[in-house]
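Okay, so here's the structure we're looking at.
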Amino acid sequence: MKLFGSIPSPYVRRIRMLLADRSYEFVNLNIFSEQDRATLIRLNPTRKIPMLVDQEQVIFDSNLIYRYLCQKLALPALSWPQENQIILINAANDSLVELLICQRSGFDTNDDKLFFNLQRERVGEVLAVLEQQVQADAFSDWNYAAICLYCLLDWIAFRNLWPMDAFPALTQFVSANQHQPGVASSDPRLAG
Ligand SMILES: N[C@@H](CCC(=O)N[C@@H](CS)C(=O)NCC(=O)O)C(=O)O
């Protein structure tokens, strides 16, 4: 199996952490370089990372990759509450990706504009719900939902995307899980 992605991407990191002790090849792409972008486009018309190549099969999207690996590696299927947790994490993650791309396109994402307001509202509300869930021990097991949460929160810290002072339980969740399998080796700070 080959996982195509980048080191900083939180969506790619989920799968790297999930596969921490398993044998697979990681192909590190810079999706904005000409050569790597050609690889991305050839394999994945959505032009997003990650994608997984297993013999002739190409699987797009971290969520589908998890389902594929569940079947292939007999991993535990997600419960409905875990599916909902991942929907929450994805919603905040997607909005932060959009805001980051807008910033890199030269927009001031703190402007009072509908698109930016919607993303910021979503991120703030979702982080507040996740804070409550962590306080209620809904992320106390190290499972795929917890991996996804860790990748989101550590990426927020790495890119300095959102003030976390209002979310002490989320901050504590990151410190408490720093030694989990695959966390250190997939650190986005290693991208250089
Ligand atoms: N739903 C996708 C989201 C993947 C995603 O947004 N990846 C980002 C990198 S973190 C990306 O490839 N962005 C490129 C773009 O938006 O053009 C998944 O779960 O894999």
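The values are calculated or read from the model by the stated rules, or taken from the named source; none is laboratory data. All of these numbers come straight from a predicted model, not from anything done at the bench. Every residue, glycine as well, gets a Cβ built from its backbone with ideal geometry; the counts of neighbours run over all protein chains shown. Ligands, DNA and RNA are stripped out before the accessible areas are found, and what is left, the full protein with its side chains, is counted by its heavy atoms. Shrake-Rupley method; radii C 1.70, N 1.55, O 1.52, S 1.80 Å.
Whether any residue in the stretch 9-31 is in contact with a Ser or Thr (Cβ under 6 Å, 6 or more places away or on another chain), in a loop (DSSP other than H, G, I, E, B) and not assigned by TED's automatic domain parsing to the domain that holds Asn93 is what I want to check. Within the stretch 9-31, one or more residues are in contact with a Ser or Thr (Cβ under 6 Å, 6 or more places away or on another chain), in a loop (DSSP other than H, G, I, E, B) and not assigned by TED's automatic domain parsing to the domain that holds Asn93. Tell me the residue from Ala136, Ala145, Ala128, Ala166 that is among the hydrophobic types (A, V, I, L, M, F, W, C) and either without any contact (Cβ under 8 Å) to a residue 12 or more places away in the chain or in contact with a Lys or Arg (Cβ under 7 Å, 6 or more places away or on another chain) (or both), please. Matching residue, one of Ala136, Ala145, Ala128, Ala166: Ala136. Could you check, for the stretch 67-78, whether at least one of its residues is open to solvent by 40 Å² or more (accessible area, probe 1.4 Å), of a type in the set (Gly, Ala, Ser) and away from the ligand (no atom under 11 Å from the Cβ)? Yes. The single condition among (1) exposed (fewer than 14 other Cβ atoms within 10 Å of the Cβ); (2) within 13 Å of the ligand (Cβ to nearest atom); (3) in contact (Cβ under 8 Å) with a residue 12 or more places away in the chain that Arg104 does not satisfy is (3). State whether one or more residues within the stretch 110-119 are part of a loop (DSSP other than H, G, I, E, B), assigned by TED's automatic domain parsing to the domain that holds Leu161 and open to solvent by less than 70 Å² (accessible area, probe 1.4 Å). For the stretch 110-119, residues part of a loop (DSSP other than H, G, I, E, B), assigned by TED's automatic domain parsing to the domain that holds Leu161 and open to solvent by less than 70 Å² (accessible area, probe 1.4 Å): present. Scanning the stretch 5-57 for residues that are open to solvent by 20 Å² or more (accessible area, probe 1.4 Å), hydrophobic (A, V, I, L, M, F, W, C) and either under 19 Å from the mean Cα position of the chain (by Cα) or away from the ligand (no atom under 13 Å from the Cβ) (or both) yields Ile7, Leu18, Ala20, Phe26, Val27, Ile31, Phe32, Ala38, Ile49, Val53. Residues satisfying the criterion are absent from the stretch 83-91 (criterion: open to solvent by 80 Å² or more (accessible area, probe 1.4 Å) and part of a loop (DSSP other than H, G, I, E, B)). Name the single residue that is most open to solvent (accessible area, probe 1.4 Å) among those in the stretch 170-182 being in a helix (DSSP H, G or I) and not β-branched (Val, Ile, Thr). For the stretch 170-182, the residue satisfying everything is Gln172. When Pro81 is tested against the conditions (1) within 13 Å of the ligand (Cβ to nearest atom); (2) closer than 20 Å to Glu125 by Cβ; (3) not basic (Lys, Arg), the lone failure is (1).
Table: residues versus (1) within 16 Å of the ligand (Cβ to nearest atom); (2) surrounded by 20 or more Cβ atoms within 10 Å (Cβ to Cβ).
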position: Ala136; (1), (2): no, no
position: Trp155; (1), (2): yes, yes
position: Pro163; (1), (2): no, no
position: Pro168; (1), (2): no, no
position: Ala184; (1), (2): no, no
position: Ala191; (1), (2): yes, no
